Amino acid sequence: MLDFVTWMADPAIFTIGAREIRWYGLAFAIGFAIGYWIVEQMWKKEQLPPAWIDSLLIYTMLGTVIGARLGHCLFYAPDYYLANPVEILKIWEGGLASHGGTLGIIIAVYYYSKRVSHKSMLWTFDKLVVPTGLVAAMIRLGNLMNHEIYGHPTELPWGFRFIENLHQWKAGAEPVFSLPSHPTQLYEATCYLITFVVCLWLYFRKEAWKQEGLIFGIFMILVFGSRFFVEFVKNDQEAFEAGMLLNMGQLLSIPFVLLGCFCIWRAIRIHKSNNQIYS
């Protein structure tokens with residue numbers, strides 16, 4: 001019977017000179033590529049101007065990457081990164097925060113709505129969040145390949161032993177393994193994939209995009225609600241979180257869940273009001 005999984009994946013696919021090409025970056029790129037294709041299908045379904053989709057891709061990519069990187073640096077290790085600002089640019093080494101990415105996307109969508117589509121932010125979000133669950137899942141798989149962001153020790157048979165001395169191991173040293181731990185990367189990736197399927201179903205099968213903000217609200221609750229609970233078995237990312245009743249990831253998730261609840265309530269209220277007008 002399986003007692004645990006010994007995880008020995010190399011974070012790098014291959015090396016070009018001194019630069020590693022990592023699974024993390026590939027997973028991120030694959031998620032974006034599939035997401036772009038899905039958004040293209042939405043554009044065709046609603047017969048929207050093709051130029052809008054290219055602008056949306058640029059805005060969201062910049063918002064996601066910049067926001068996620070700054071979120072990681074400023075939410076979790078501000079002292080280090082403010083003292084070493086050049087390190088902020090080293091995205092290929094990992095270190096992206098989903099909460100920061102969400103804030104970055106919100107800012108990007110604000111400018112996109114004002115300058116390009118001239119429609120409401122919720123109109124854009126209802127489309128944008130459909131493939132976002134897939135992208136988030138791919139990022140967590142990248143974290144798995146990086147041997148990072150895993151959970152507390154566990155005796156469950158699917159516990160993973162991760163390599164703790166990753167850099168020394170890649171240089172030829174014997175691996176030093178963690179205790180069998182919760183593979184929280186897989187927990188989150190599974191939740192995000194479920195969110196992706198639900199949002200995909202809501203958009204293409206139920207045409208929930210006609211109730212502005214509904215898909216976005218459901219997305220926020222599923223993603224950040226699951227994140228809140230997974231954090232209970234995840235190791236603290238920074239020392240200052242030790243002893244906190246709720247860690248930084250949980251504290252940052254609460255307002256996003258509340259925002260999701262508000263958007264669902266608003267969408268249902270407007271839908272009922274419109275039905276009464278036309279009945």
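The values are calculated or read from the model by the stated rules, or taken from the named source; none is laboratory data. Not measured: the values here are computed from a predicted model. Positions of Cβ are backbone-derived with ideal geometry, glycine not excepted, and every protein chain shown enters the neighbour counts.
Data for the structure
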| item | result |
| --- | --- |
| Check on residue 212, under 16 Å from residue 131 (Cα atoms) and either of a type in the set (Asp, Glu) or without any contact (Cβ under 8 Å) to a residue 40 or more places away in the chain (or both) | no |
| Which listed residue, of 71, 94, 104, 25, is of a type in the set (Gly, Ala, Ser), surrounded by 15 or more Cβ atoms within 10 Å (Cβ to Cβ) and at pLDDT 90 or above | 104 |
| Odd one out for residue 207, checked against (1) over 14 Å from the mean Cα position of the chain (by Cα); (2) in contact (Cβ under 8 Å) with a residue 12 or more places away in the chain | (2) |
| Filter result for residue 169 (assigned to a loop (DSSP other than H, G, I, E, B) and either more than 30 Å from residue 37 (Cα to Cα) or under 13 Å from the mean Cα position of the chain (by Cα) (or both)) | no |
| Residue tally, condition over 18 Å from residue 69 (Cβ atoms) and part of a loop (DSSP other than H, G, I, E, B), over region 102-152 | 6 |
| Residues satisfying the stated conditions in region 229-261, i.e. assigned to a helix (DSSP H, G or I), surrounded by fewer than 13 Cβ atoms within 10 Å (Cβ to Cβ) and over 21 Å from the mean Cα position of the chain (by Cα) | 239 |
| Selection count where residues are polar (S, T, N, Q) and not in a helix (DSSP H, G or I), scope region 38-95 | 2 |
| Which numbered condition residue 170 misses (of (1) in contact (Cβ under 8 Å) with a residue 60 or more places away in the chain; (2) among the charged types (D, E, K, R); (3) closer than 24 Å to residue 135 by Cβ) | (3) |
| Region 28-51: number of residues that are more than 18 Å from the chain's Cα centre (by Cα) and buried (at least 18 other Cβ atoms within 10 Å of the Cβ) | 1 |
| Unique match (being under 18 Å from the mean Cα position of the chain (by Cα) and of a type outside the set (Gly, Ala, Ser)) among 221, 264, 270 | 221 |
| Condition check for residue 26: in contact with a Ser or Thr (Cβ under 9 Å, 6 or more places away or on another chain), in a helix (DSSP H, G or I) and more than 21 Å from residue 236 (Cβ to Cβ) | no |
| Number of the condition not met by residue 155 [criteria: (1) without any contact (Cβ under 8 Å) to a residue 12 or more places away in the chain; (2) part of a loop (DSSP other than H, G, I, E, B)] | (1) |
| The lone exception for residue 15 - which of (1) of a type in the set (S, T, N, Q); (2) within 22 Å of the chain's Cα centre (by Cα); (3) not in a helix (DSSP H, G or I) it fails | (2) |
| Only one of 59, 80 that is more than 20 Å from residue 112 (Cβ to Cβ) and either buried (at least 16 other Cβ atoms within 10 Å of the Cβ) or of a type in the set (Ser, Thr, Tyr) (or both) | 80 |
| Positions within region 205-228 being out of contact with any helix residue (DSSP H, G or I) (no Cβ under 6 Å at 6 or more places or on another chain) and either β-branched (Val, Ile, Thr) or not in a helix (DSSP H, G or I) (or both), in sequence order | 205, 206, 207, 218 |
